[in-house]
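The values are calculated or read from the model by the stated rules, or taken from the named source; none is laboratory data. Since we're looking at a predicted model, the values are computed, not measured. Cβ: placed from backbone, ideal geometry, glycine included. Neighbour counts: every protein chain shown. The protein model used for the area step is the full one, side chains on, heavy atoms only, and it has no ligands, DNA or RNA in it. Shrake-Rupley method; radii C 1.70, N 1.55, O 1.52, S 1.80 Å.
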Amino acid sequence: MNNRTVIYPARIVRTMDPSRPVATAFAVRDGLIRAVGTVEELSVYPHAVIDERYAEAVIVPGFVEAHAHAGSGGMWDGQVYVGYFDRTDPDGNHWPGCTSTGAILERLREAESALEDPLEPLRAWGMDNIYFPESSILVRELDTVSGARPIQVNHANGHVAVVNSAVLRMAGIDASTVTKGVEKYADGTPNGELREFAAMGLVHELFGGGLLSLSPRTLRNFAQDAVNQGVTTITDLGSMGLLTEEGRATYTDTVDEDFPVRLNVFQFGMGLGTGSLPEATAQALAAVKQLGHSKLRFGNVKLMLDGSIQGFTARLLAPGYLGDQPNGIWNTTPEEFEAAFAAFHRAGLLIHVHCNGDQASDLFLDTLESVLTKYPRPDHRHTMTHSQLTTQAQYRRAAALGACANIFSNHLWYWGDQHADRILGWDRASRMNATRSALNAGVPISLHCDTPVTELSPLKTMKHAITRLTPSGRILGELERLDVEEALHAVTLGAAYMLKMDGEVGSIEAGKRADVAILDQDPYETAPEEIGTIRVLGTMLGGRHQNAKSGALASAD
Ligand SMILES: [Zn+2]
């Protein structure tokens, strides 16, 4: 890199800067945007050269994904994908979805027979029994694949796993096990389903750790996936690694000057077996915050309240689940939560809290109000992440308390039909992920994918928030739809805001980092249902071109 000014003409530049929303070129110097305008306007800058590589492309701010998991980059290494929807891995390979339990068992059998060591564990991911109400996969079904080899199949939501009898035996789980979330058949014997983290933790050791373990290769896969999808800033929302030097090294050794995305790592603040006291964790995180740099951020905190709606482990206020299923599971008690929240808040850290059900949103808001009353702090930007069932009254309260909402609009597609027909009923399903209500109440929003739970693709996420279509063709809550401008804002500047990075990324403005996504079509000129099919040609990160796998532009800086 040198200090030349390079002018990039484009078909159109959508800046997300209200004072100049549209341009036909942008100029870059030293990794920063120098100016936005026409080629003619930009040519007055000294020593400017023109680079035509994006002349036919559409330029938008690089997408910012404020809720993703870096471990998703490892899901394709030695694990078997058995999700319902088609998926593309970071190398650009296409994996067809498994739309029946027969197809899942078939894929597991294939993978099982390919393993030479008879005791090597087999792990699969992406399943959800909610798609197969007549034929669940539980321990008996998995035993038809193998009763001897340990097998674990994780649900797409990451909150439920199903294991075979070999795993139950090795982990000592039987009719006498009382851990919450160890599900049982009517006769009292375990049915293989493990709900939420206490139950799933019983079998972690057999599989060499939790679902989202990290390695340098995992991180690089994750980053390539980001480039393929036009993402220039991404999060690892729930790391267990920041409190030890060894854990931090995975990030610091890998995220170097060639790493193609900015990574913002949130540490799990409590629960899930972290063990340490929140005050000690808060002090440690405040210290490691200093170790970050322009590509790597440490020091933010993720807290977990309830579970998953489609796993029936989310905490719901009345009137509860459609079929009157029992209420869900708290992953932390309200008392522990408040103590932890207060500790991280007082240390000046940014906190994102997993709230799926409306009872979780309530607990978040009660806690935020109580903590802010005792320890006022301006511009905290604490965020409800998922915020799937947050109500009108809760959004008004969130606005008054200065909270943000990172909304899980992908659910409208992935589980929308199931939410309407089996989990919540049409009435509440059509008001879930209430993006319009949040904006009307004045709550800053973003939209996320929670990869590996759903596919990383901000363009598809925009489409889901704009159309609210389900796979069966219904519109789930037409009054909650966003327009394309609002959706693009949510996945760029909106996400940057709740990461406290909006002064730096999220829009194309002089002085900000030269992070852009390069598209082959303009989302504003594309039919809403087609926005997810717009091709990402690559990204520019800090002024350097990054090629998408299967992208068409030549790789050069
Ligand atoms: Zn998540």
*asked:* Could you tell me which residue out of Tyr84, Ala35, Leu277 lies farthest along the dipole of the chain toward its positive end? Charges go on the beta carbon: Lys and Arg +1, Asp and Glu -1, centred on the Cα centre.
replied: Ala35
*Applying the Karplus parametrisation 6.51 cos²θ - 1.76 cosθ + 1.60 with θ = phi - 60° to the phi angles of segment 279-294, what ³J(HN,Hα) value in whole Hz is obtained for each residue in order, glycine and proline being reported as x?*
5, 5, 4, 4, 4, 5, 5, 4, 6, 6, 3, 5, 7, x, 9, 4
_Dimensions (Å) - segment 118-242, Cα atoms, principal axes, largest first_ = 52, 32, 31
*How far is helix 458-467 tilted off the main Cα axis of the chain, in degrees rounded to 10, range 0 to 90?*
80
_Suppose a student asked you for the relative contact order of the chain, using Cα pairs under 8 Å spaced at least 6 residues apart; what percent would you report?_
17
*Tally Lys/Arg at +1 and Asp/Glu at -1 over every other residue whose Cβ is under 10 Å from the Cβ of Leu482; what's the total?*
-1
*Of all the accessible heavy-atom surface of segment 16-125, with the other protein chains kept in place and a 1.4 Å probe, what percent is carbon and sulfur?*
52
_Kirkwood-based Rg to Rh ratio, segment 314-405, C-alpha trace_ = 0.98
*asked:* Can you compute 3J(HN,Hα) from phi for each residue in segment 223-232, using the Karplus curve 6.51 cos²θ - 1.76 cosθ + 1.60 with θ = phi - 60°, rounded to whole Hz and x for Gly and Pro?
replied: 5, 5, 4, 4, 4, 4, 9, x, 8, 10
*Might you report the magnitude of the Cβ-based charge dipole of the chain about its Cα centre, with Lys and Arg at +1 and Asp and Glu at -1, to the nearest 20 debye?*
1020
*Could you state the angle between the C-alpha long axis of helix 392-401 and the longest principal axis of the C-alpha atoms of the chain, as a value from 0 to 90 degrees rounded to the nearest 10?*
60
*asked:* Could you work out what % of the accessible surface of segment 473-557 is carbon and sulfur, using a 1.4 angstrom probe and leaving DNA, RNA and ligands out of the count?
replied: 47
_Using only DSSP helix segments of four residues or longer, with each worth -39500 (n - 2.57), what per-residue ellipticity at 222 nm results for the chain after dividing by its residue count and rounding to 500?_
-7000 deg cm²/dmol
*In vacuum, with every alpha carbon of segment 86-169 counted as one equal point scatterer, what does the Debye formula give for log10 I(q)/I(0) at q = 0.11, 0.17, 0.20, 0.23 Å⁻¹? Two decimals, please.*
-0.29, -0.70, -0.95, -1.20
*Approximate shape of the chain as ellipsoid semi-axes (Cα gyration tensor, √5λ), whole Å, largest first*: 38, 26, 24
*Note the angle between two axes, namely the Cα long axis of helix 245-254 and the longest principal axis of the Cα atoms of the chain, as a number of degrees from 0 to 90, rounded to the nearest 10.*
40
*Report, ordered by chain and residue number, the lysines lying within cross-link reach of Lys512, taken as a straight Cα distance under 29 Å and ignoring same-chain residues fewer than 8 apart.*
Lys289, Lys295, Lys302, Lys460, Lys463, Lys500, Lys549
*Taking N as its residue count, the alpha carbon Rg of segment 202-265 over 2.2 N^0.38 Å*: 1.19
*For segment 218-338, what size does the Cα cloud have along each of its three principal axes, sorted from largest down, in whole Å?*
53, 37, 18
*Size of segment 400-557 as Cα extents on the principal axes (Å, biggest first)*: 52, 39, 29
_Share, in percent, of DSSP beta bridges within the chain that are antiparallel, nearest 5_ = 45
_Rounded to two decimals, what is the ratio between the C-alpha radius of gyration of segment 1-56 and 2.2 N^0.38 Å?_
1.04
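State the three equivalent ellipsoid semi-axes of segment 376-477, derived from the C-alpha gyration tensor as the square roots of 5 times its eigenvalues, in descending order and whole Å.
24, 15, 11
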*What percentage of the solvent-accessible surface of segment 188-245, computed with a 1.4 Å probe over protein heavy atoms, is contributed by carbon and sulfur atoms?*
52
*Quick one: Cα convex hull volume of segment 124-170, Å³ per residue?*
68
*What is the dipole size for segment 54-164, taken about its Cα centre, with +1 at each Lys and Arg Cβ and -1 at each Asp and Glu Cβ, in debye to the nearest 20?*
280
